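**Student:** Here it is, the structure in full.
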Amino acid sequence: MAEETQEERVNRELIELLNELRVALPGVQVLFAFLLAVPFANGWRNVTEVQKDAYMVALLSALAGSVFLIAPSAWHRILFRRRDKEQLLRISNVFAIVGAFFVAIGMSASVFLVTDVIYDNKTASIVATLAALLFATVWFVAPALRRGAG
């Protein structure tokens with residue numbers, strides 16, 4: 001098999017990144033839509049200040065995650081045919097990682113909010129912390145360790 005050129009590699013890697021984002025985006029969009037509807041639900045008047053704070057962290061993190069995960073597609077369209085795909089790939093990779101970070105925060109805050117409504121603040125704190133540790137380990141620490149090993 002012939003070795004791919006630098007241009008072919010960048011094209012392939014950019015397509016792979018955009019495909020990965022297509023997998024991540026529906027989940028973020030569902031989370032964001034859910035969070036937009038929460039204040040209009042019956043019972044919203046009964047939430048505590050801590051729950052309101054957790055809600056805002058979740059909502060704003062889902063917003064930021066959406067912004068960063070959609071950014072590579074927007075940049076790709078705006079910079080179309082500018083012959084700068086390698087730079088686009090580099091910034092898009094950063095956007096995807098930052099977006100995943102915000103999604104992890106948003107999901108952890110959402111877990112806190114739901115758990116706090118169902119149980120109590122202490123249980124919610126424990127469960128949300130475990131969720132955040134799971135995200136950190138699986139999404140960031142394990143790949144960073146793997147990258148450092150090879």
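Each value in this text was obtained by applying a stated rule to the coordinates, not by laboratory testing. Small disclaimer: the values here were computed from a predicted structure and weren't measured. Using ideal geometry, Cβ is built from the backbone for each residue, glycine included, and neighbour counts are taken over all protein chains shown.
**Student:** Does SER92 satisfy being polar (S, T, N, Q), out of contact with any Lys or Arg (no Cβ under 9 Å at 6 or more places or on another chain) and more than 17 Å from GLU16 (Cα to Cα)?
**Tutor:** Working: polar (S, T, N, Q): yes; out of contact with any Lys or Arg (no Cβ under 9 Å at 6 or more places or on another chain): yes; more than 17 Å from GLU16 (Cα to Cα): no.
Here the answer is no, as SER92 does not meet what is asked.
**Student:** Can we say ALA58 is aliphatic (A, V, I, L, M) and more than 23 Å from ALA131 (Cα to Cα)? Step through it out loud before you land on a result.
**Tutor:** On the way: aliphatic (A, V, I, L, M): yes; more than 23 Å from ALA131 (Cα to Cα): no.
Taking the combined requirement at face value, the residue does not satisfy it.
**Student:** Would you be able to tell me the number of residues in region 66-113 that are over 16 Å from the mean Cα position of the chain (by Cα) and not aromatic (Phe, Trp, Tyr)?
**Tutor:** Within region 66-113, the first condition is being over 16 Å from the mean Cα position of the chain (by Cα), and the residues that meet it are 74-90, 112-113.
Next, only the ones that are not aromatic (Phe, Trp, Tyr) stay: 74, 76-79, 81-90, 113.
Summing the residues that are over 16 Å from the mean Cα position of the chain (by Cα) and not aromatic (Phe, Trp, Tyr) in region 66-113 gives 16.
**Student:** Within region 114-123, is even one residue within 21 Å of the chain's Cα centre (by Cα), under 22 Å from GLY27 (Cβ atoms) and either of a type in the set (A, V, I, L, M, F, W, C) or surrounded by fewer than 14 Cβ atoms within 10 Å (Cβ to Cβ) (or both)?
**Tutor:** The initial filter retains those residues of region 114-123 that are within 21 Å of the chain's Cα centre (by Cα), namely 114-115.
Among the residues that remain, those that are also under 22 Å from GLY27 (Cβ atoms) are: 114-115.
This time we only want the ones that are either of a type in the set (A, V, I, L, M, F, W, C) or surrounded by fewer than 14 Cβ atoms within 10 Å (Cβ to Cβ) (or both), so: 114.
Yes, region 114-123 has at least one match.
**Student:** Next question, about the same structure. Mind listing whichever residues of region 68-96 are within 30 Å of LEU130 (Cβ to Cβ) and in contact (Cβ under 8 Å) with a residue 40 or more places away in the chain?
**Tutor:** LEU69, ILE70, ASN93, ALA96 - these are the residues of region 68-96 that are within 30 Å of LEU130 (Cβ to Cβ) and in contact (Cβ under 8 Å) with a residue 40 or more places away in the chain.
**Student:** Scan region 3-17 for residues that are part of a helix (DSSP H, G or I) and either surrounded by 15 or more Cβ atoms within 10 Å (Cβ to Cβ) or among the polar types (S, T, N, Q) (or both) and report the count.
**Tutor:** Counting residues in region 3-17 that are part of a helix (DSSP H, G or I) and either surrounded by 15 or more Cβ atoms within 10 Å (Cβ to Cβ) or among the polar types (S, T, N, Q) (or both) gives 6.
**Student:** Related question: Please specify each residue of region 68-100 satisfying the condition of being in contact with a Gly (Cβ under 8 Å, 6 or more places away or on another chain) and closer than 23 Å to VAL141 by Cα.
**Tutor:** PHE68, LEU69, GLY99, ALA100
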